[in-house]
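Each remark here refers to the structure printed beneath this line.
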Amino acid sequence: MFHGAAREVTGSCHIVHVGQSAVALDFGLFQGHRSEANDKNLALPFTPEHLSAVILSHAHLDHAGRLPVLARFGFNRPVYSTPATRDLCAIMLADAARLAQRDAEYLARRNRPVVAPLYDERDVARLMPHFKCVPYDTPVAVAPGIRATFLDAGHILGSASVVFECSENGRTRRLVYSGDIGRRGLPIIRDPHPPNGADAVIMESTYGDRDHISIADMPAQLARVVRDTAARGGRVFIPAFAVGRAQELLHDLHALRRSGAIPPIPIVLDSPLAIAATSVFAAHREDADLGEPLVRAVRDFLSFEGLELTQDVEASKALNLRTGPMIIIAGSGMVEGGRILHHLLRGTPDPRNTILIVGFMAENTLGRRIVERRPALRILGEEVPLRAHVEILNGYSAHADRGELHDWVRAVRGAGARDLPVFLVHGEAGAQDAFAARLRGDGFSVTTPERGSVYAV
Ligand code: ZN
């Protein structure tokens, strides 16, 4: 059953029924139009007591961000994830709860319509003890008739693709869930490890219709954007997910600064969450790539010349009182909340500035409207003209592009039947249709399920 991320990229939730068992694959937030997203987030597609377990692929909010709602409704079954995903969820979900609270207070102070937060920190605290950590490559019985094995998806720290062995009436079927699939060759994160063999695949298709620039070209592109903006006396604003992109950007900015490829302007990580998440990277060296040199790189992340970390709101606000070029990295990733909104409210009308987009922006998010270069943006209830430059560097995406997605699913098929059934999720209609056509040309039997649809394997 497909309950979210069906013909869209947010709200991941799919339910697998085997005999009397039902497990949810992810339980993510819908993002986009505030009120519409809120309605979707509040409508539970099942009663929590009918769910045997949740299998969580990774900690991004569009996959994990609705779990505290389950806890609020009394869910008391296990949530299986890797240890790094559990640790990231502990800080990310608590942060999401605080942020929703703060945004609601901000809007209320300005007499704007307020959407009540979905959950609070108590719900997050109720949820966390239900996590059961599973190491990679180790089969675990997660419910009667269902065994799950987590494999590295190479997307963010702790991210997993999951293989389910589902047994019913003496027959066993192998179902693969991709989670979000990463790129090959990204710094810090290991390459994706595709499962071998499946009877059916549920896979993401975010970038099913396009190619990314090569990872090797990314630092040069980033340097160009920083140099051009600094020459105009402007600021570079980078909305970034706190986990994944923020760390990769810091890695490359650090290297560019050392080599003199960018001028020595302040680099501000204005995200307590990204700062906390970076320490989780250091704590989970076992999941990181590159071994010892990486471990040193991780330690260096938060201590290089020119890097400033702003923890409290006052320090963040004080950035607006300073003059001169700087780089500000802040959340949220799709510009739907967080400190980036306050920076953009002031910075968007200034043609010297650049808004640098490094991640996927879902439909109906403020980030998408920036990508579309709308002449004016509505930020925190105010209308501001978009005069800042907009640059898009998809190379920093934590998602595989269409060639990498195709390679991944071909590896899953291996020597099996050519017409392996593939259910595409986590993609907008255009990207899915293009990718479906490509896979059908290669013999796969492809379905693009709608929200609420049910299939038998
Ligand atoms: Zn993700």
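The values are calculated or read from the model by the stated rules, or taken from the named source; none is laboratory data. Model, not experiment: these values are computed from the prediction. Heads up, the Cβs are rebuilt from the backbone with ideal geometry, glycines too, and the neighbour counts pull from every protein chain shown. Only protein heavy atoms, including side chains, enter the accessible area calculation; ligands, DNA and RNA are left aside. Shrake-Rupley method; radii C 1.70, N 1.55, O 1.52, S 1.80 Å.
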Do we have any residue at all in the stretch 32-51 that's more than 16 Å from the ligand (Cβ to nearest atom) and under 26 Å from V280 (Cα atoms)? no
Going through the stretch 383-428 one residue at a time, which ones are among the hydrophobic types (A, V, I, L, M, F, W, C), open to solvent by 40 Å² or more (accessible area, probe 1.4 Å) and either within 15 Å of the ligand (Cβ to nearest atom) or out of contact with any strand residue (DSSP E or B) (no Cβ under 6 Å at 6 or more places or on another chain) (or both)? A411, A415, A417
Considering each of R387, R346, R440, R378 in turn, give the residue that is without any contact (Cβ under 8 Å) to a residue 24 or more places away in the chain and not assigned by TED's automatic domain parsing to the domain that holds D152. R378
From the residues in the stretch 196-208 that are under 26 Å from Q20 (Cα atoms) and surrounded by fewer than 23 Cβ atoms within 10 Å (Cβ to Cβ), which one is nearest to the ligand (Cβ to nearest atom)? A200
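Kindly indicate whether R98 is touching a residue at least 24 places away in the same chain (Cβ under 8 Å), open to solvent by 60 Å² or more (accessible area, probe 1.4 Å) and assigned to a helix (DSSP H, G or I).
Numbers: touching a residue at least 24 places away in the same chain (Cβ under 8 Å): no; open to solvent by 60 Å² or more (accessible area, probe 1.4 Å): yes; assigned to a helix (DSSP H, G or I): yes.
When the stated conditions are applied, R98 does not pass them.
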Unique residue being on the phi < 0 side of the Ramachandran plot and either modelled with pLDDT under 85 or under 17 Å from the mean Cα position of the chain (by Cα) (or both) when the list is P78, P113, P117: P113
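Would it be correct to say that A261 is more than 22 Å from H399 (Cα to Cα) and assigned by TED's automatic domain parsing to the domain that holds N320? Step through it out loud before you land on a result.
Working: more than 22 Å from H399 (Cα to Cα): yes; assigned by TED's automatic domain parsing to the domain that holds N320: yes.
Yes.
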Those residues of the stretch 137-191 which are open to solvent by less than 50 Å² (accessible area, probe 1.4 Å), away from the ligand (no atom under 16 Å from the Cβ), of a type in the set (A, V, I, L, M) and free of Cβ contacts under 8 Å to residues at least 60 places away in the same chain, in sequence order: V163
Scanning the stretch 347-366 residue by residue, those modelled with pLDDT under 95 and either surrounded by fewer than 19 Cβ atoms within 10 Å (Cβ to Cβ) or more than 18 Å from the chain's Cα centre (by Cα) (or both) turn out to be E363, N364
Restricting to the stretch 225-280, give me the number of residues that are more than 16 Å from the ligand (Cβ to nearest atom) and of a type in the set (F, W, Y). 1
Looking at (1) surrounded by 20 or more Cβ atoms within 10 Å (Cβ to Cβ); (2) more than 30 Å from A198 (Cβ to Cβ), can you tell me which one A376 breaks? (1)
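Somewhere in the stretch 126-136, is a residue assigned by TED's automatic domain parsing to the domain that holds N196, touching a Leu at 6+ places or on another chain (Cβ under 7 Å) and not in a helix (DSSP H, G or I)? Can you show your working first?
Residues of the stretch 126-136 assigned by TED's automatic domain parsing to the domain that holds N196: 126-136.
Right, trim to touching a Leu at 6+ places or on another chain (Cβ under 7 Å) and you get 127, 136.
Next, from what is left, pick out any that are not in a helix (DSSP H, G or I): 136.
Yes: one or more hits.
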What pairs can you find where one residue is in the stretch 73-94 and within 26 Å of G338 (Cα to Cα), the other is assigned to a helix (DSSP H, G or I) and open to solvent by 10 Å² or more (accessible area, probe 1.4 Å), and their Cβ atoms are less than 6 Å apart, with a gap of 6+ or different chains? A84/D287; D87/V280; L88/V280; A90/M128; I91/A276; A94/E121
Restricting the first residue to the stretch 253-280 and requiring it to be modelled with pLDDT of 90 or more, which pairs with a second residue that is of a type in the set (S, T, N, Q) and outside any helix (DSSP H, G or I) meet a Cβ separation below 6 Å and a spacing of at least six or different chains? D270/T310
Among the candidates A330, A417, single out the residue that is without any contact (Cβ under 8 Å) to a residue 60 or more places away in the chain and among the small types (G, A, S). A417
How many residues does the stretch 67-83 hold that are over 20 Å from A141 (Cα atoms) and within 14 Å of the ligand (Cβ to nearest atom)? 0
